[in-house]
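All of the numbers you see were taken from the coordinates with simple rules; none came from a lab. Source: prediction; values computed, not measured. So basically every Cβ, Gly included, is an ideal-geometry build from the backbone, and we count neighbours across all protein chains shown.
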């Protein structure tokens, strides 16, 4: 099938699966048509990922089975209300201008979607896992924390897109599912804001640096927004109506969040606590918990079966199996010290809990990724007006769904900050929309009462101009690609570190070979088996300071490695890092096949400013007598 046909099939499948789920919860009757369509799609994405998992376990990741699954899901679209049932939306001049800007953003995102995938994380594991599972015809356990042995609900939706429609269907699906978050946010905003205010919130979200950076890629945070919004909406409706069905719907959304990322467990706690602090806490809490467990259990059970630790590797020291060679308890201690120490540069103190949002926005402190994938200035600019609005209408707050949204976001933020996993700001992206709608609605209330439009309007205009400029700069890379004739190889060479080695490897190595690489982003484009060597795996130990060449050689052989792609040390006469590779070369265990020269690119947005030479060598692993 063509990429567009597969995209449409998967979109209608998600709509159908979500509509059937809403009907099963008997929740669709109390929703507007727009809410029904957007919430159905959000839930349907999670249900599709949930259903692909048993197909993968049963080794049925074949075109026929995936086509049948997508086709069956489409039947549920018959349960959706007709779009004409929703009242037409009138737009004034401001609304039309905002809609025009949204259209420009959509066009820029579409240009990115039709270009080859270039995001390093996506190529390393998000998209590559789907490719590997399809090649094997089943789901395999990947003994690598952070990148492999983690909840993979959303990556399961990449499998049918890639398997049936190829890479273009996959990148179009990434764009579509990312835009679905903005659509749902707009629809939920309409309960609290006018059309223009809702468009502002959606536009601010779409142009947020973290969304621009990851929304069109395989990174999951933008798509998890869908689950967080469903959970928060369900919790608010449960508190407002007292109906158990909405508490269960909130549990479904929270459980899907947990099935997509470990931080979802913190979200389950945050949403659960909000539901429990009310008079129907017992029945609502039970419904929420059952739905969350059913939605989220798969990947935690998968990890427990293979390692003993359902949240591998967090509890591995206590629950991990002792008979594993792929991950040992001594290595687990090394990994946690190395990884978590580097991922948490700020003290986990009450003071830094308060300062963190300002640090992310204003750029002080040593925060990872904050400069390029932050949340922009909108929150800080609008917050003063939101505080004034909340105080002015404080008597109405206990009855407002906005309080539910704000409390869930706040509790998640506090739990996330002190959990100690990683302080990368993009991990907070799933609850950013809850914050945006809360502060915008409160600020609008203040503006309506005081009739002081200029300060808030200025904050909105400044934010949109800055963020749209950043989005345009990011998209120039993709615009040049299309304007220059869409040369795929040239684009990948400019944007993917080390890609210049891929054509030689694909042309000269065989399917029976296996190449060891330390440039993880090459995995997706290699057509021969590969193995990524880093401290995120223990089968080939590469701890800093390792010097045992014989042990390294034995581990390489055990892993089936026949060739290696290593970065050449330009400061010495052919040395390699880590140290054991030096000794293997000196003992003729590494035989040079090809020397390759290229440019190392640190930024896809501004590649010319930070590029540098990147020499790489392809080597063959010698026979067993090379160490004698």
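Using a cutoff of 8 angstrom between alpha carbon atoms and counting only pairs six or more residues apart, the relative contact order for the chain works out to 13 percent. Taking every alpha-carbon pair under 8 Å whose residues sit at least 6 apart, the range 103-182 reaches a relative contact order of 38 percent.
Calculated mean residue ellipticity, 222 nm, the chain: -20000 deg cm²/dmol, from DSSP H runs (n ≥ 4) at -39500 (n - 2.57) each, averaged per residue and rounded to 500. Going by neighbour counts of Cβ atoms within 10 Å, the residues 450, 361 line up, fewest first, as 450, 361. Highest-first packing order for the peptide set 582-589, 498-505 is 498-505, 582-589, based on the mean count of other beta carbon atoms within 10 Å.
Relative to the longest principal Cα axis of the chain, at what angle does helix 153-189 sit, 0 to 90 degrees, rounded to 10? Roughly 30 degrees between the two axes. Remark: 21, 328 ranked as 328, 21, counting other beta-carbon atoms within 10 Å and listing the fewest first. Seen against the Cα atoms of the chain and their longest principal axis, helix 329-343 is set at about 60 degrees. Put the Cα centre of the range 447-496 next to the Cα centre of the range 208-261 and the gap is 26 Å.
The alpha-carbon atoms of the range 236-371 define a convex hull whose volume equals 151 cubic angstrom per residue. In the range 322-455, the convex hull through the Cα atoms has an average projected area of 10.9 nm², a quarter of its surface area.
Projected onto planes of every orientation and averaged, the convex hull of the alpha-carbon atoms in the range 380-443 covers 4.5 nm². Taking every DSSP beta bridge that has both ends in the chain, the antiparallel portion is near 70%.
Each part reduced to its alpha carbon centroid, the range 107-139 and the range 1-33 end up 23 Å apart. Listed by Cβ neighbour count within 10 Å, with the fewest neighbours leading, 36, 626 appear as 626, 36. Note the angle between two axes, namely the Cα long axis of helix 127-136 and the longest principal axis of the Cα atoms of the chain, as a number of degrees from 0 to 90, rounded to the nearest 10. Taking Cα atoms only, the helix is inclined about 60 degrees.
With bins 20 Å wide starting at 0, give me the P(r) of the chain over every alpha carbon pair, in whole percents. Bin by bin from 0 Å, the calculated values are 18, 53, 25, 3, 0.
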